[in-house]
Amino acid sequence: MNAFSADAAPGTASDPGRIVLLTTSHRVAPGLLSWPAWQALRTADRVLCADAAHPQLPYLREAGIRVDEGAPTAEELVAACAGGRTVVVVATGEGDPALTDGLARLAGSGRLTMPDLELLPASYDLPGARLLDLVQVMDRIRAECPWSSRRTHEGLAKYAIEEAYELVEAIEDGDRDELREELGDVLLQVVFHARIAEEDPDAPFSVDDVAGTIVSKLIHRHPHVFGDETATTPEEVREHWLRTKAVEKQRTSVTEGVPLGQPGLALAAKLASRVRTAGLTVPLPTGQGVGYELLALAARAEAEGTDPEAALRAAARTYRDAIREVEG
């Protein structure tokens, strides 16, 4: 008689017992389990785990729960439950597919009265949990990849611009699959730069610092959500945002913080927006050439609520389609 069926009580097979498959998330600290999971573990007749290095095992044993290491077959597990016993299986990271597939085949055969089978999540991923995986993957790539380990902020800068444009294109195309992928590529740039920043000898910071900074900023600039102020319209929200931002930045000119390296139409529209928002009267400069004409068009578009860059891209797409049609 093998180790997994030896405890089955003879003559009581009428009660097939219960199997609890306990799953955990590696994104939650080991030992932080749900109350139903702890109840199942404490009341089980037996607790099994096929992975001797499972991160939960030290915490279960510290709590006084005996865990037997081993990988029973489906038949052995069913036999161990005979007589009304409850066996909890702490699932490995792979989910023990051989065992679960075996149980499914056994149930489908009709040869045995199967125990009750319960899938019990002991810990859950919170929204954003997969970001932890991205941070871990980036750590390893930075340490082990010959290309990634040598990248700098300066060397990666162009990729951030390229990925941002590809994201905009996915949005304008309305391609949901492409949008999801391009958002990931933009997110990668953030995590990559943050990982590089950890190695700075003078002013290091991590992705947690990056996230903490934007969280603090968002809370501070949304007093109508996190504070006592009220805002019922988008215009009032924008007023809150601009007022709070002005106090934070203490800028001496509305042009501060406007990146001059951005595309020309976007730059012109941004400057016009800053002027309009500040209530300044600044006549557009006059001069000869298409540059001044484009400046006036960009300012007009901004005043009308149109993004001149997006409008020009849309027109350019139409032009591209016309070219392809002529080409056949």
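Listed here are the residues, each with its yes/no results for (1) at pLDDT 90 or above; (2) surrounded by 15 or more Cβ atoms within 10 Å (Cβ to Cβ); (3) in contact with a helix residue (DSSP H, G or I) (Cβ under 8 Å, 6 or more places away or on another chain).
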site: 272; (1), (2), (3): yes, yes, yes
site: 277; (1), (2), (3): no, no, yes
site: 283; (1), (2), (3): yes, no, no
site: 288; (1), (2), (3): no, no, no
site: 293; (1), (2), (3): yes, no, no
site: 297; (1), (2), (3): yes, yes, yes
site: 301; (1), (2), (3): yes, yes, yes
site: 305; (1), (2), (3): yes, no, no
site: 310; (1), (2), (3): yes, yes, yes
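So how many residues does the stretch 215-259 have that are exposed (fewer than 11 other Cβ atoms within 10 Å of the Cβ) and within 20 Å of the chain's Cα centre (by Cα)?
Here the count works out to 2.
Exactly one of these conditions fails for residue 125: (1) touching a Lys or Arg at 6+ places or on another chain (Cβ under 8 Å); (2) not in a loop (DSSP other than H, G, I, E, B). Give me its number.
Failing condition for residue 125: (2).
Let's see how each residue does on (1) out of contact with any helix residue (DSSP H, G or I) (no Cβ under 8 Å at 6 or more places or on another chain); (2) open to solvent by less than 40 Å² (accessible area, probe 1.4 Å); (3) not in a helix (DSSP H, G or I):
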site	(1), (2), (3)
21	no, yes, yes
25	yes, yes, yes
29	yes, no, yes
32	yes, no, yes
47	no, yes, yes
55	yes, no, yes
58	yes, no, no
66	yes, no, yes
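Tell me, which residue of the stretch 70-91 that is in contact with a Leu (Cβ under 8 Å, 6 or more places away or on another chain) and assigned to a strand (DSSP E or B) is nearest to residue 25 (Cα to Cα)?
If we take residues in the stretch 70-91 being in contact with a Leu (Cβ under 8 Å, 6 or more places away or on another chain) and assigned to a strand (DSSP E or B), then 90 is nearest to residue 25 (Cα to Cα).
Limited to the stretch 116-167, what total is found for residues that are open to solvent by less than 60 Å² (accessible area, probe 1.4 Å) and among the β-branched types (Val, Ile, Thr)?
Within the stretch 116-167, residues that are open to solvent by less than 60 Å² (accessible area, probe 1.4 Å) and among the β-branched types (Val, Ile, Thr) number 1.
Of the residues in the stretch 89-110, how many are closer than 14 Å to residue 19 by Cβ, more than 37 Å from the chain's Cα centre (by Cα) and open to solvent by 20 Å² or more (accessible area, probe 1.4 Å)?
1
Which numbered condition in (1) open to solvent by less than 60 Å² (accessible area, probe 1.4 Å); (2) farther than 13 Å from residue 17 by Cβ; (3) among the polar types (S, T, N, Q) is the only one that residue 86 fails?
The failed condition is (2).
Right, residue 128: modelled with pLDDT under 95 and more than 28 Å from the chain's Cα centre (by Cα) or not?
Taking the combined requirement at face value, the residue does not satisfy it.
Could you grab me the full set of residues in the stretch 188-214 that are surrounded by fewer than 11 Cβ atoms within 10 Å (Cβ to Cβ) and aromatic (Phe, Trp, Tyr)?
Within the stretch 188-214, no residue meets the criteria.
The values are calculated or read from the model by the stated rules, or taken from the named source; none is laboratory data. These numbers come from a predicted model, not from an experiment. Because the Cβ atoms are built from the backbone with ideal geometry, glycine has one as well, and the counts that use them run over all protein chains shown. With ligands, DNA and RNA removed, areas are computed over all heavy atoms of the protein, side chains included. Shrake-Rupley method; radii C 1.70, N 1.55, O 1.52, S 1.80 Å.
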